[in-house]
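Asks: Let me give you the structure first, and then I'll get to my questions.
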Amino acid sequence: MSEKILLQILDEIQVMKGEQKQTNQRLDGMDKRLDSMDQRFDAIYQRLDVMDQRFERMEEKTDAVQEQTAKISEFHAEIIEKLNNKATKDDFNYLKEIVFRHDEEIYKIKSHYQSVNESSDY
C-alpha cells in the first residue's frame with residue numbers, strides 16, 4: 001500500500017511538474033510580451049522626446065514671430081503718426097497759393113521800384 005501511495009504521489013508530482021512547466025512557459029511568453037511592450041514604450045518615449053524638442057523649437061519660433069510682429073506693429077504706428085503729422089495736399093495747395101501771391105507782390109514791388117528809379121534818373 002505504501003508503494004501505491006508513493007506511486008500516486010509520484011504521479012501527482014509529475015502532473016504538478018507538467019503544470020508547473022506549462023505555467024513557466026506561459027510566464028515566459030508573458031515576459032516576452034512584456035519585454036516587447038517595454039520596447040514599444042521606449043520607442044514611444046523617444047518619439048515623445050523628439051516631439052517635445054520640436055514643440056520647443058516651434059515655441060521659440062512663435063515667440064520670435066510675436067516679437068517681430070510687435071516691433072512691426074510699433075513701427076507701423078510710428079509711421080502712421082508721422083504721416084498724420086505730415087502736410088496734406090490741401091496744405092501744399094495753400095502754400096503754393098501763398099507763394100504765388102508773394103511772387104505777384106514781389107513782382108509789383110520790383111516793377112514799382114524800377115519805375116521809381118527810372119523816373120528819378122530823368
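Read the figures in this text as sums done on the coordinates, not as results from a lab. For clarity, every value in this text was computed on a predicted model and none was experimentally measured. We place every Cβ from the backbone using ideal geometry, glycine too, and count neighbours over all the protein chains shown.
Asks: Counting only helical runs of four or more DSSP H residues, what would the 222 nm mean residue ellipticity of the chain come to if each run contributes -39,500 (n - 2.57) and the total is spread over all its residues?
Replies: About -36000 deg cm²/dmol.
Asks: Measure out, as a whole number of angstrom, how far apart the alpha-carbon centroids of the range 1-46 and the range 71-122 sit.
Replies: 106
Asks: How charged is the neighbourhood of ILE5? Take every other residue with its Cβ under 13 Å from the Cβ of ILE5, and add Lys/Arg as +1 and Asp/Glu as -1.
Replies: Residues near ILE5 contribute -2 overall.
Asks: Which translational diffusion coefficient, to the nearest whole µm²/s, is obtained for the chain from the Stokes-Einstein equation, given a Kirkwood hydrodynamic radius over C-alpha pairs, 37 °C and 0.692 mPa s?
Replies: Rounded to a whole number, D works out at 126 µm²/s.
Asks: In a Gaussian network model over the chain where Cα atoms closer than 10 Å are linked, find which of SER36, SER111, SER73 has the largest mean-square fluctuation.
Replies: Among SER36, SER111, SER73, the largest mean-square fluctuation in the Gaussian network model of the chain belongs to SER111.
Asks: For the range 1-46, what does the alpha-carbon gyration tensor say about shape, rounded, prolate or oblate, given a ≥ b ≥ c as the root eigenvalues, a/c under 1.5 as rounded, and a/b over b/c as prolate?
Replies: prolate
Asks: Can you count the Lys pairs in the range 3-92 whose Cα atoms are under 27 Å apart, with each pair 8 or more apart or on different chains?
Replies: Taking the range 3-92 as the scope, the lysine pair count is 7.
Asks: Could you give the angle, 0 to 90 degrees to the nearest 10, between helix 89-121's Cα long axis and the longest principal axis of the Cα atoms of the chain?
Replies: Once rounded, the angle reads 20 degrees.
Asks: Let me ask something else. Taking loop as defined by DSSP and a crowding limit of 16 other beta carbons within 10 Å, which trypsin sites (Lys or Arg not before Pro) in the range 1-106 fit?
Replies: Of the trypsin sites (Lys or Arg not before Pro), the ones in loops of the range 1-106 whose Cβ has at most 16 other Cβ atoms within 10 Å are LYS86.
Asks: Explain nothing, just the number: dipole magnitude of the chain about its Cα centre with +1 on each Lys and Arg Cβ and -1 on each Asp and Glu Cβ, in debye rounded to the nearest 20.
Replies: 460
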